[in-house]
Ligand code: TRP
Ligand code: ZN
């Protein structure tokens, strides 16, 4: 579902106006959605609304038997269209109930329905597929591969940015959010942890169990997750009665679930900073072994076995506002997600340790950036997408904004950004113009320098300048 921001809704009061009339000659849907970093990710010509993933998982053999049903809307008349699917065996495809021809080329799955799809009409695709899912490599990411990760006798899925296509056919780009349903069947003794709300958990005649999850908030594909392990489950309540569900494998380190003791408090603090929590539920999953990373999967971040400390939780939970509810429109805007989540970590340290500690940290990191911070946060390039620019210089850019416009307007900018683009996508320009709108200040130079410049700008409010620290060192 391509949700228009509230700002643009006024112009389209009568909702989705098809871009073409149904009697236009049908065209071939594009093999990419138009992302400058990943030209083959996502697809053109349609908009997905809902995914229903019926998955039978054998976590020991690493085998998946699946049927994906996708509801979508054709934006133009389509003779053919693409989905993204990496590996696996496609057994059959139906479009609106009729068998459809298909071809595969790398992760591109090209589907040719029996009859062309009329522009502006809804259609349904059913893909039956199976096999042994494998991760896909992504250059510039701190993990070996993303997507379906099999560890001995369990499965975790961490898919940013492109891994969802390793386990289901998908319009694989955050610009096309959709709602999800998961019906996952696993051997007895296993538990499934997926996004959203657990609707039912039923034992089948053969002893296996089927877990049905419904994720009703629009979600970017890289945030979908489904994890299969002998989990211990703990339920808690967050602010306003928000249901929280936490999972850790029964053989995880002693007391792993206690890592989440402070989650309700963290959510409360994040709500003070950023406004209402955007989704129907929250929680967390701990993996069985140290993985060295965590991912902000929607409503249920997945943490490496030793990576669920408070700092990491603050980061992944802050992503629920920034990254998940307000998503990037293109991957080059990733700082809108990672820099904001990282800055939440700064705010947390400030809250816990005081503003002097924050100031000391600012000075340390500013000096560090003077030596190695040439990477700009906005549009960092695909190879440096998850690099220093986005994780360190970006949060410092936000701090520079805060020092310039003052605390109250700064937090109003964050809260308004979260509210205005809730369940939608945003661009860097959306954020910078909002900051100017709220502060009434001309921030062109500040943003140009911090977000795009090759040099680290001065921070006059903190009396910091790389030119000076150069002299000091030399
Ligand atoms: N977004 C993650 C973070 O919170 C980093 C990340 C990107 C990641 N891709 C991943 C983690 C894949 C695990 C797996 O900073
Ligand atoms: Zn992050």
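The values are calculated or read from the model by the stated rules, or taken from the named source; none is laboratory data. This one's a predicted model, so the numbers in the text were calculated from it and none came from an experiment. In this analysis, Cβ positions are derived from the backbone assuming ideal geometry, glycine residues included, and neighbour counts consider all displayed protein chains.
Points worth noting:
- Odd one out for residue 266, checked against (1) farther than 23 Å from residue 397 by Cβ; (2) in a helix (DSSP H, G or I); (3) without any contact (Cβ under 8 Å) to a residue 12 or more places away in the chain: (3)
- Residue check, residue 338 closer than 17 Å to residue 397 by Cα, more than 14 Å from ligand 2 (Cβ to nearest atom), touching a helix residue (DSSP H, G or I) at 6+ places or on another chain (Cβ under 6 Å) and without any contact (Cβ under 8 Å) to a residue 60 or more places away in the chain: no
- For residue 347: the one exception among (1) crowded, with 20+ Cβ neighbours inside 10 Å; (2) outside any loop (DSSP other than H, G, I, E, B); (3) within 14 Å of ligand 1 (Cβ to nearest atom): (3)
- The residues of the range 139-162 that are more than 15 Å from ligand 2 (Cβ to nearest atom), crowded, with 18+ Cβ neighbours inside 10 Å and closer than 19 Å to residue 221 by Cα, listed by number, are 147, 148, 149, 155, 156, 157, 162.
- Selection within the range 257-268 - crowded, with 19+ Cβ neighbours inside 10 Å and either modelled with pLDDT under 95 or over 19 Å from residue 229 (Cα atoms) (or both): 263, 266, 267
- Within the range 285-335, tally of residues that are more than 12 Å from ligand 2 (Cβ to nearest atom), within 22 Å of residue 227 (Cβ to Cβ) and in contact with a helix residue (DSSP H, G or I) (Cβ under 6 Å, 6 or more places away or on another chain): 3
- Selection within the range 224-263 - assigned to a helix (DSSP H, G or I) and without any contact (Cβ under 8 Å) to a residue 40 or more places away in the chain: 239, 240, 241, 257, 258
- Scanning the range 299-333 for residues that are within 12 Å of ligand 1 (Cβ to nearest atom), part of a loop (DSSP other than H, G, I, E, B), touching a strand residue (DSSP E or B) at 6+ places or on another chain (Cβ under 7 Å) and closer than 30 Å to residue 429 by Cα yields one hit, 301.
- Residues located in the range 150-194, provided they are assigned to a strand (DSSP E or B), more than 30 Å from residue 422 (Cα to Cα) and either touching a residue at least 60 places away in the same chain (Cβ under 8 Å) or within 16 Å of ligand 1 (Cβ to nearest atom) (or both): 150, 151, 154, 155, 185, 186
- Residues satisfying the stated conditions in the range 103-129, i.e. more than 26 Å from the chain's Cα centre (by Cα), within 26 Å of residue 161 (Cβ to Cβ) and crowded, with 18+ Cβ neighbours inside 10 Å: 111
- Listed by position, the strands (runs of 3 or more DSSP E) enclosed by the range 17-86 that each have at least 3 residues that are free of Cβ contacts under 8 Å to residues at least 60 places away in the same chain are 63-74, 78-84.
- Candidates 357, 289, 280, filtered to the one that is at pLDDT 95 or above, at negative phi, over 14 Å from the mean Cα position of the chain (by Cα) and surrounded by fewer than 20 Cβ atoms within 10 Å (Cβ to Cβ): 280
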